[in-house]
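Here the structure comes first, spelled out in structure tokens, and everything after it is commentary.
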Amino acid sequence: MSILLTGGAGFIGSHTAVEMINAGYDVIIADDLSNSSEKVIDRIEIITGVKPKFYKVDVSVKEDVRRIFEENNIEGVIHFAGYKCVPESTKVPLKYYRNNIDTTLTVLEVMEENDCNAFVFSSSATVYGDKNQVPFREDMPTGGTTNAYGSTKLMIENILKDVAAANSKFSAVLLRYFNPIGAHPSGLIGEAPDGIPNNLMPYITQTAIGIRECLNVFGTDYNTPDGTGVRDFIHVVDLAKGHVAAIKYATEHTGAEAINLGTGNGSSVLEVVHAFEKASGVKIPVVFKDRRPGDVEYSYACVDKAERLLNWKAQYDLNDMCRDSWNWQEKNPKGYE
Ligand code: UDP
């Protein structure tokens, strides 16, 4: 029995592949490499001693997904494949709707053809929108997403709830990620953004290594202790382990469950900068800028449900996350190039 990881060569997918292999699963990766590198597959082998079976395919192409199911005995799918650049999604929304929804529908249809019923989805805390109070709980109303990327996550959550309601054998775990940072402690896999990073940690590490001049801190007038935005940063290895627990849950239950993957702790942008400086010994020049459109003031998780249903809890702290992000950046200044 195998588990298919769509988008398994990406940042979260690759770390999940490692933890799935470590937990004894047979892992198959499908990835079109549109935002990742084939080198990831070799690095996963170096870390685990096991080379996952790899298909370079676009999972919106039904024939290709069918072939993967024909050639393997797939028990469940962890669906990471999707575009994730928030600002790009506001400029070319159709690209995001077409790709993110299409890939999901195709994978679900082929799963149905094969009576494969365990699905774990890469959702996002962005589905909580800007009206809810922290800590975000899974039973809060979703909606009010501020960009097309977030809207695709919300739409796919709704699709999965409908599929689970219609098919009593189907199980979907909707993992709502908070802010994954860090990298595998080996420094062999990590986040490799294409071009100028949009997210905080890769921007910090690229500033530290000299690729960027200084960090722009977006917003200093939020109603937070130091005026900068607060997020729930979670080590990507912890996040990956949450997927191992989630696919086990999905194979043993039916129905749709949304589950937060966060630490439950909020850290401000400036706290992250200071933690990074301490972990790396490198000073980060910062420039204070206006708020970035679409950003919320606070985002952090209530983590009770993950603990209760998945028996999972984040282990790494902010210092570990900064150390491992910096280790990855130092060892791979140009990502996988
Ligand atoms: N941020 C920042 N400078 C950057 C990138 C991000 O100040 O170059 C801030 C951003 O405004 C937010 C926090 O860092 O308050 C986290 O942003 P990120 O894009 O990493 O994740 P998001 O929470 O938006 O998904």
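Computed from the coordinates by the stated procedures, all read-outs in this text should not be read as laboratory data. Predicted, not measured: the structure shown is a model, and the values here were computed from it. FYI the Cβ positions are ideal-geometry reconstructions off the backbone, even for glycines, and counts take in every protein chain you see.
Provide the net charge surrounding Ala314, with neighbours chosen by a C-beta distance below 12 Å and charges set as Lys +1, Arg +1, Asp -1, Glu -1.
Around Ala314, the charge tally is -3.
Would you kindly state how much longer the chain becomes between Glu297 and Leu105 on full extension, computed as 0.36 nm times their sequence separation minus their alpha carbon distance, in nm to one decimal?
Contour length minus the Cα-Cα distance gives 65.8 nm.
Got a sec to turn the phi values of the range 283-298 into Karplus ³J(HN,Hα) couplings, 6.51 cos²θ - 1.76 cosθ + 1.60 with θ = phi - 60°, whole Hz, x for Gly and Pro?
7, 9, x, 10, 10, 8, 10, 5, 4, 8, x, x, 6, 8, 6, 10
Which FRET efficiency value, to the nearest 0.05, is calculated for Asp221 and Arg98 with the Förster distance at 35 angstrom and r the Cβ-Cβ distance?
Given R0 = 35 Å and the Cβ-Cβ separation, E is 0.40.
Met140 to Glu71: FRET efficiency via 1/(1 + (r/R0)^6), r the Cβ-Cβ distance, R0 41 Å, to the nearest 0.05? Let's see the in-between values first.
Details: r = 42 Å, r/R0 = 1.02.
Efficiency at R0 = 41 Å is approximately 0.50.
Is the range 1-109 best put as rounded, prolate or oblate by its Cα gyration tensor, with a ≥ b ≥ c the root eigenvalues, rounded for a/c under 1.5, and otherwise prolate when a/b is larger than b/c, oblate when not?
Numbers: a/c = 2.24, a/b = 1.40, b/c = 1.60.
Oblate, since a/c reaches 1.5 and b/c is not below a/b.
Give the Rg/Rh ratio for the range 45-132, taking Rg as the radius of gyration of the Cα atoms and Rh as the Kirkwood radius, to two decimals.
Numbers: Rg = 15.5 Å, Rh = 15.0 Å.
In the range 45-132, Rg relative to Rh is 1.03.
Check cross-link reach from Lys283 to the lysines: straight Cα distance under 25 Å, and skip same-chain residues fewer than eight apart.
Straight-distance partners of Lys283: Lys331, Lys334.
Given labels modelled 7 Å from the Cα in the Cβ direction, how far is it in nm from Asp162 to Glu63?
Distance between label points: 2.8 nm.
Over 27 Å between Cα atoms, which of Lys248/Lys305; Lys39/Lys84; Lys161/Lys241; Lys91/Lys131; Lys53/Lys313 qualify?
Correct reply: Lys53/Lys313.
Multiply the residue separation of Glu112 and Ser186 by 0.36 nm, subtract the distance between their alpha-carbon atoms, and state the gained length in nm to one decimal.
22.8 nm
For the chain, what is the calculated [θ] at 222 nm in deg cm²/dmol (nearest 500), taking -39500 (n - 2.57) for each run of four or more DSSP H residues and dividing by its residue count? Intermediate results must be reported in sequence, preceding the final value.
Working: 10 runs with 131 residues, N = 337.
Calculated mean residue ellipticity at 222 nm is -12500 deg cm²/dmol.
If you average 1/r over every pair of different alpha-carbon atoms in the range 111-230 and take one over that average, what Kirkwood value in Å do you get?
Values: mean 1/r = 0.0573 Å⁻¹.
The Cα-based Kirkwood calculation yields 17.4 Å.
Note down the magnitude of the dipole of the range 1-128 about its Cα centre, charges +1 on Lys and Arg C-beta and -1 on Asp and Glu C-beta and zero elsewhere, to the nearest 20 debye.
Numbers: 12 positive and 19 negative charges, 110 e Å.
About 520 debye.
Give me Rg/Rg_expected for the chain, where Rg uses Cα atoms only and Rg_expected = 2.2 N^0.38 Å with N residues.
0.94
If I model a spin label at Glu307 and Glu252 as a point 7 Å from the Cα along the Cα→Cβ vector, what separation in nanometres do I get?
Going by the 7 Å Cα→Cβ label model, 1.9 nm.
Is the range 136-295 rounded, prolate or oblate when judged by the Cα gyration tensor, a ≥ b ≥ c being the square roots of its eigenvalues, rounded requiring a/c under 1.5 and prolate requiring a/b larger than b/c?
prolate
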